[in-house]
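Shown next, in structure tokens, is the structure this report addresses.
Here, each number is a calculation from the coordinates, and none is a lab measurement. What you are looking at is a predicted structure, and each value in this text was computed from that prediction instead of being measured. Don't worry about glycine lacking a Cβ; one is built from the backbone with ideal geometry, like all the others, and counts go over all protein chains shown.
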Amino acid sequence: MGSITLEHVHKSFGGHPVIPDASLQIEDGEFVVFVGPSGCGKSTLLRLIAGLEDTTSGIIRLDGEDVTDQGPASRGLAMVFQSYALYPHMTVRQNIGFPLKMANTDKATAERKVADAARVLNLTDYLDRKPRELSGGQRQRVAIGRAIVRQPKAFLFDEPLSNLDAALRVNMRIEITELHQQLKTTMVYVTHDQVEAMTMADKIVVLNAGRIEQVGSPMELYRNPANKFVAGFIGSPRMNFLEGPAADKYRAATIGVRPEHMRISRESGEWAGRVGVAEHLGSDTFFHIHVDGAGMQTVRTEGEKDFAPGDPVWLSPDPSHIYRFDQSGLALR
Amino acid sequence: MARQVSTRRKLAFTALAWIVALILFFPILWTILTSFKTEQEAIASPPMIIPSWTIENYIEVQIRSDYFRHFFNSVWISVGSTLIALLIAIPSAWAMAFTPTPRTKDVLMWMLSTKMMPAVGVLVPMYLIFRDTGALDTVWGLTIVLTLINLPIVIWMLYTYFREIPVDILEAARMDGAILWKELVYVLVPMAVPGIASTLLLNVILAWNEAFWTINLTASKAAPLTAFISSFSSPQGLFWAKLSAASTLAIAPILVLGWLSQKQLVRGLTFGAVK
């Protein structure tokens, strides 16, 4: 079991509030992703759950039990750090076996569990190496191995993929997702990368300046963002925002149109502009259009389109996918 | 761009380095040479450079006072005080390096400031305390004093080493279920072994060479090698050759230790400075 409950958790560092007031329910077996820009408090929130930071006020429960005053060693959670944080003086075998040693597991059981974890993570051939003799991806696997051996109530991941190169990151993303499907253990995953959040999460928690902006499934957040911040953060390329007369027409302070819901045409449309930079991805092309009086807007088109920089074009939104926001940035429904 | 150094410059620098090294080493060399001279040769003017290689001084020194008793006193005091200092310093340095408070720097400076106080200023109170507690002329008494004297340096050195260890790794140990002492024993200490080793070496050397307290607080029973040397300088006037023999015997062990651990010591003293 591994449900996690935060009740009005508040955290400040030296009088400066980092998490003003966070309440959250994470169900057993869920894959929850904390996402937000750097400095939004997502790592702090994770460290509060881990017990590596003390809450200033509020209650943290694991499986209903109040663990607010318990240290990290007794909470029964496992964590994978951004820096991997492997023990440099121990071999891979000793690294993975360390939590079992701390739990006084008998030797035979420990050896079997380490061997099992190594097999799952393709580390069997590296068991007698030291961390410095491994590649980044292998180190990451050792860190995960160390987390899975003692069957924790929940896994906490603190930006685990940000030190890997792009190709490896995609692989590890899939591996972690598969691991979650196999183990069915609660996972809390912190990232600033909304693509990781969208692809991995059952539930996304969007944070901004220490506040939880919205909680929901990836598609819920994509379809119904609660406010301008979430709308801009979820989805890639990010949502276009238009203000002024363009928005007035839709009775909103700001309207948002995702690049995939923007039509581009040479003949006619709602807003006139000129083509700026074109980014060709093969399957898609992103055009950055300078719209008169509304700044730079992005359009996503399928396949190749032959608009040259400087060409006059027209943009128009897909009427069924226009997001409206009021003066304070809240979504109008 | 690699710097081009001409052969002549190299030669000049090498010669200079040898000269400086010789100047620094000369007193020790002279002591060793004198220890193999007769007393007449030792005070001869102009001085004689090549001794007559007599070992009479060493024999007499050993007859007059037991070298090995002093030697073992020195070993006990320096190793004992270093180990106790490490036991106290490792947790303190850990606390200050990984959970610093706004006052940590002040605490560190305050500790260091105790090293700036002239020792003679507290000689009388220390002597009285030692007399009244029966610590005078005991190995354990000296061990405590030397522990306290060197503790600031030990803490400072360890603090610098610990600061180089990523806190993530200690946090990982906590997440893996390590309680406090296990975190220190299984993770922090093994990772800091090079630093702890050079701290240990340096502190043994400092304690071995400490002369003020060891001479003032001992008479005969607990007297280490420092007191052994000084005992040759007083009663019947100065006997240079015997004094030199005693000094050579006293510095020989630490000289050998220093020579063997050169690498560790240099690394230890420059650690953090070149990163």
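Please identify the trypsin sites (Lys or Arg not before Pro) of the range B:101-133 that satisfy two criteria: DSSP loop assignment and at most 15 other Cβ atoms within 10 Å. Which are they?
Values: sites: B:103, B:105, B:115, B:131; in loops: B:103.
Here the trypsin sites (Lys or Arg not before Pro) that fit, given the DSSP loop and packing criteria, are B:103.
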GNM of chain B, Cα pairs under 10 angstrom: of B:17, B:119, B:178, the biggest fluctuation goes to B:17
Sorting A:8, A:293, A:97 by the position of each Cα along the dipole of chain A (Lys, Arg +1; Asp, Glu -1; all at Cβ), the one nearest the positive end of that ordering is A:97
Straight-line reach check, residue A:153, cutoff 19 Å on alpha carbons, 8 or more apart in-chain or any other chain, hits among lysines -> A:101, A:113, A:184, A:203
If each part is reduced to its alpha-carbon centroid, the range A:225-251 and the range B:16-50 end up apart, in Å, by 88
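Which percent, to the nearest 5, of DSSP beta bridges fully inside the protein assembly as shown are antiparallel? Intermediate values should be presented prior to the final figure.
On the way: 51 of 69 bridges.
Antiparallel: roughly 75 percent of the beta bridges in the protein assembly as shown.
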Per-residue average of other protein chain Cβ atoms inside 10 Å, peptide B:212-221 -> 0
Cα-only Rg/Rh for the protein assembly as shown with Kirkwood Rh rounds to 1.16
Checked chain B with the C-alpha gyration tensor, a ≥ b ≥ c its square-rooted eigenvalues, rounded below a/c of 1.5, otherwise prolate if a/b is larger than b/c and oblate if not; verdict oblate
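Relative contact order for chain A: what is it in percent, counting Cα pairs under 8 Å that are at least 6 residues apart? Could you put the intermediate results ahead of the total?
Working: 671 pairs, mean separation 55.6, N = 333.
Answer for chain A is 17 percent.
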In degrees rounded to 10, the 0-90 angle between helix A:136-148 Cα long axis and the longest Cα principal axis of chain A is 60
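Using helices alone, what [θ] at 222 nm do you get for chain A, with -39,500 (n - 2.57) per DSSP H run of 4 or more residues, divided over all residues and rounded to the nearest 500?
Working: 9 runs with 88 residues, N = 333.
Per the formula, -7500 deg cm²/dmol.
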Taking alpha-carbon centroids only, the range B:110-129 lies from the range A:65-89 a number of Å equal to 44
Chain A, Gaussian network, Cα under 10 Å: of A:225, A:319, A:131, the residue fluctuating most is A:319
Phi angles of the range A:271-279, converted by Karplus (6.51 cos²θ - 1.76 cosθ + 1.60, θ = phi - 60°) into ³J(HN,Hα) in whole Hz with x for Gly and Pro, give 10, 8, x, 10, 5, x, 8, 10, 10
The alpha-carbon center of the range A:128-190 and that of the range B:238-262 are separated, in whole Å, by 58
Under the Karplus relation with 6.51, -1.76 and 1.60 and θ = phi - 60°, whole-Hz ³J(HN,Hα) for the range B:213-226, x at Gly and Pro, equal 6, 5, 7, 6, 9, 10, 10, 10, 4, 9, 4, x, 4, 4
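Would you work out if the range B:1-117 is rounded, prolate or oblate? Take a ≥ b ≥ c from the square roots of the eigenvalues of the alpha-carbon gyration tensor; rounded if a/c is under 1.5, else prolate when a/b is larger than b/c, oblate otherwise.
Details: a/c = 3.28, a/b = 1.32, b/c = 2.49.
In terms of gyration-tensor shape, oblate.
Based on the Cβ-Cβ distance from residue B:10 to residue B:163, what FRET efficiency comes out when R0 is 35 Å, to the nearest 0.05?
Details: r = 38 Å, r/R0 = 1.08.
That pair, residue B:10 with residue B:163, gives E of 0.40.
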Of all trypsin sites (Lys or Arg not before Pro) in the range A:136-226, the ones in DSSP coil with at most 15 other Cβ atoms within 10 Å are A:184
Rounded to one decimal in nm, the spacing of the 7 Å Cα→Cβ label points at residue A:128 and residue A:103 is 2.7
FRET efficiency for residue A:13 and residue B:63 from the Cβ-Cβ distance with R0 = 56 Å, rounded to 0.05, comes out at 0.20
Residues meeting the amide H criterion for residue A:313 (H placed from the backbone, H to H distance under 5 Å, 5 or more places apart or on another chain) are A:273, A:274, A:275
Treating only Lys and Arg (+1) and Asp and Glu (-1) as charged, each at its beta carbon, one finds that the protein assembly as shown has a dipole about its Cα centre, in Debye to the nearest 20, of 1560
Once normalised by the length of chain B, the mean sequence separation of its alpha carbon contacts under 8 Å that are 6 or more apart gives a contact order in percent of 30
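Place a +1 charge on the Cβ of each Lys and Arg in chain A and a -1 charge on the Cβ of each Asp and Glu, then give the dipole magnitude about the Cα centre in debye, rounded to the nearest 20.
Numbers: 37 positive and 41 negative charges, 152 e Å.
Using only the charged Cβ atoms, the result is roughly 740 debye.
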A correct Karplus calculation of ³J(HN,Hα) over the range A:187-195, with 6.51 cos²θ - 1.76 cosθ + 1.60, θ = phi - 60°, whole Hz and x for Gly and Pro, returns 10, 10, 10, 9, 7, 9, 9, 5, 5
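Okay, helix-only estimate at 222 nm for chain B: each DSSP H run of n ≥ 4 adds -39500 (n - 2.57), divide by all residues, round to 500 deg cm²/dmol; what do you get?
Working: 13 runs with 188 residues, N = 275.
Calculated from helices alone, the mean residue ellipticity at 222 nm is -22000 deg cm²/dmol.
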Trypsin sites (Lys or Arg not before Pro) in the range B:1-92 lying in a DSSP loop, each with at most 12 other Cβ atoms within 10 Å of its Cβ, come to B:3
Taking a straight Cα-to-Cα line shorter than 29 Å from residue B:37, and setting aside same-chain lysines fewer than 8 residues away, one finds B:242
Residues meeting the amide H criterion for residue A:214 (H placed from the backbone, H to H distance under 5 Å, 5 or more places apart or on another chain) are A:206
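Name the shape class, rounded, prolate or oblate, that the alpha-carbon gyration tensor gives for the range A:123-170, where a ≥ b ≥ c are the square roots of its eigenvalues, rounded holds for a/c under 1.5, and otherwise prolate holds if a/b is larger than b/c and oblate otherwise. Before the final figure, lay out each step's value.
On the way: a/c = 2.34, a/b = 1.06, b/c = 2.20.
Here the range A:123-170 falls in the oblate category.
Could you tell me the relative contact order of the range B:67-231? Use alpha-carbon pairs under 8 Å, at least six residues apart, and round to a whole percent.
For the range B:67-231, the relative contact order is 43 percent.
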Connecting every pair of Cα atoms under 10 Å apart in chain B and solving the GNM, the largest mean-square fluctuation among B:262, B:62, B:40 falls on B:40
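Kindly state, to the nearest 0.05, the FRET efficiency for residue A:68 paired with residue B:179, given R0 = 22 Å and r defined as their beta-carbon distance.
0.75
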Placing +1 on each Lys and Arg Cβ and -1 on each Asp and Glu Cβ in chain B, then taking the dipole about the Cα centre, the residue among B:248, B:70, B:45 whose Cα reaches farthest towards the positive end is B:45
Rounded to two decimals, the Debye log10 I(q)/I(0) of the range B:195-248 (Cα scatterers, no solvent) at q = 0.17 Å⁻¹ is -0.61
Per the charge dipole of chain B (beta-carbon charges, Lys/Arg positive, Asp/Glu negative, Cα centre), the residue among B:198, B:110, B:166 reaching farthest to the positive end is B:166
Restricting to lysines and to Cα separations under 21 Å from residue B:263, and discarding same-chain partners fewer than 8 apart, the set is B:275
Taking a crude spin-label model, label points 7 Å out from Cα along the C-beta direction, the residue A:330 to residue A:284 distance in nm is 3.1
Here the averaged projected area of the range A:80-130, based on the convex hull of its alpha-carbon atoms and given in nm², is 3.7
Sorted by chain and number, the residues with a modelled amide H under 5 Å from that of residue A:254, at a separation of 5 or more or across chains, are A:325
Between residue A:135 and residue B:126, the two model label points (7 Å from Cα along the beta-carbon direction) sit apart by a distance in nm of 6.0
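Based on the alpha carbons, how large is the Rg to Rh ratio for chain A when Rh follows Kirkwood? Please list the in-between numbers first.
Working: Rg = 23.4 Å, Rh = 22.1 Å.
Result: Rg/Rh = 1.06.
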